[in-house]
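To start, the structure under review is shown below, and the notes come after it.
The values are calculated or read from the model by the stated rules, or taken from the named source; none is laboratory data. Computed from a prediction, not measured in an experiment: that's the story for all the values here. Every residue, glycine among them, receives a Cβ derived from its backbone with ideal geometry; neighbour counts consider all protein chains shown. Surface areas here come from the heavy atoms of the whole protein model, side chains and all, with no ligands, DNA or RNA. Shrake-Rupley method; radii C 1.70, N 1.55, O 1.52, S 1.80 Å.
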Amino acid sequence: MGRAFEYRKAAKFARWDRMAKQFARIGKEIAMAVKEGGPDPETNPALRRVMQNAKGVNMPKDNVERAIKKASGADAEVYDLITFEGYGPHGIGIFIECTTNNNNRTVANVRAIFNKVGGNLGKNGELAFMFDRKGVFTIELEKMQMDWEDFELEMIDAGAESMEKEDEVVIVYADFEDFGSVSHRLDDLGIEVQNAELLRIPNITKELPVDQAKEILDIIDRFEQDDDVQNVYHTLEITQELENAL
């Protein structure tokens, strides 16, 4: 079914079923983008990208504008991006990205979940080799309005690694270092991006029996329910058998 399908299942299996969580996640990303580059999306590419993503998850425009205004105020929340790496049961690697305004709380919560499920919180950098950091752009096929071969040439010239069509969307992959250049090229071409993210795609995966795999997915869901957690990546292989059992 393609890398995009496999990635979405591996990276955020249950997250997108919770609209409130999506909006909270976007709100934090807006706060961080405004802090770094200001409240004007015309001069702040990071904010422009987050606003595109907000539109992609149907976040109301009023919510976005309120989040930008709040992030621009003197009493705006200040968030830090912190990561955690560890192993869950059955040798499954888990990489967690958090945005938090209280590091001590976040560390305690993540450690508590690892301990409760029989996992092990490791040191930063311990699992980094298991994941490739990629830029992933999702574009609605009907909004491209461009010849496919011309589009491919433009993306390759901008530094894209690969492209694929899946259902009604086009997925563009780029190395972390080329994220900005691909994003700028899409802007220059007038192509509206439904979603653009820097993601960690597992390059090593492990297949488990369905009952053990479900156990891992329950653990992933537990992490994702924490308000400070933005993304959870793991090395569980999502098999067709598991898909059918869910």
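Quick notes on this structure:
- Condition met for residue 91 (on the phi > 0 side of the Ramachandran plot, in contact with a strand residue (DSSP E or B) (Cβ under 7 Å, 6 or more places away or on another chain) and open to solvent by 20 Å² or more (accessible area, probe 1.4 Å)): yes
Condition check ((1) open to solvent by 90 Å² or more (accessible area, probe 1.4 Å); (2) touching a residue at least 24 places away in the same chain (Cβ under 8 Å); (3) among the polar types (S, T, N, Q); (4) over 19 Å from residue 136 (Cβ atoms)) across all residues:
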site: 35; (1), (2), (3), (4): yes, yes, no, yes
site: 45; (1), (2), (3), (4): no, yes, no, no
site: 53; (1), (2), (3), (4): no, yes, yes, no
site: 56; (1), (2), (3), (4): no, yes, no, no
site: 61; (1), (2), (3), (4): yes, no, no, yes
site: 74; (1), (2), (3), (4): yes, no, no, yes
site: 78; (1), (2), (3), (4): no, yes, no, yes
site: 84; (1), (2), (3), (4): no, yes, no, yes
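- Counting the residues of the range 132-185 that are of a type in the set (Lys, Arg) and modelled with pLDDT under 90 gives 2.
- Among residues of the range 111-130, those that are touching a Phe, Trp or Tyr at 6+ places or on another chain (Cβ under 6 Å) and under 30 Å from residue 180 (Cβ atoms), counted: 1
- A count restricted to the range 52-86 and to residues that are over 22 Å from residue 101 (Cβ atoms) and of a type in the set (A, V, I, L, M) stands at 1.
- Residue in the range 71-79 that is of a type in the set (Gly, Ala, Ser), assigned to a loop (DSSP other than H, G, I, E, B) and under 19 Å from residue 228 (Cα atoms) present: yes
- For the range 127-220, the strands (runs of 3 or more DSSP E) that sit wholly inside it and include 2 or more residues that are under 24 Å from residue 84 (Cβ atoms) and either open to solvent by 30 Å² or more (accessible area, probe 1.4 Å) or of a type in the set (D, E, K, R) (or both) are 131-140, 195-202.
- Subset of the range 24-70 (residues that are assigned to a loop (DSSP other than H, G, I, E, B) and either out of contact with any Phe, Trp or Tyr (no Cβ under 6 Å at 6 or more places or on another chain) or not hydrophobic (A, V, I, L, M, F, W, C) (or both)): 38, 39, 40, 41, 42, 43, 44, 57, 58, 60
- So residue 238, is it part of a loop (DSSP other than H, G, I, E, B), in contact (Cβ under 8 Å) with a residue 40 or more places away in the chain, open to solvent by 20 Å² or more (accessible area, probe 1.4 Å) and within 30 Å of residue 110 (Cα to Cα): no
- Number of positions in the range 116-126 that are of a type in the set (D, E, K, R) and surrounded by 12 or more Cβ atoms within 10 Å (Cβ to Cβ): 1
- Against the list (1) assigned to a helix (DSSP H, G or I); (2) surrounded by 13 or more Cβ atoms within 10 Å (Cβ to Cβ); (3) not aromatic (Phe, Trp, Tyr), the condition residue 104 fails is (2).
- Residue 112 open to solvent by 20 Å² or more (accessible area, probe 1.4 Å), modelled with pLDDT of 95 or more and either under 18 Å from residue 220 (Cβ atoms) or aromatic (Phe, Trp, Tyr) (or both): yes
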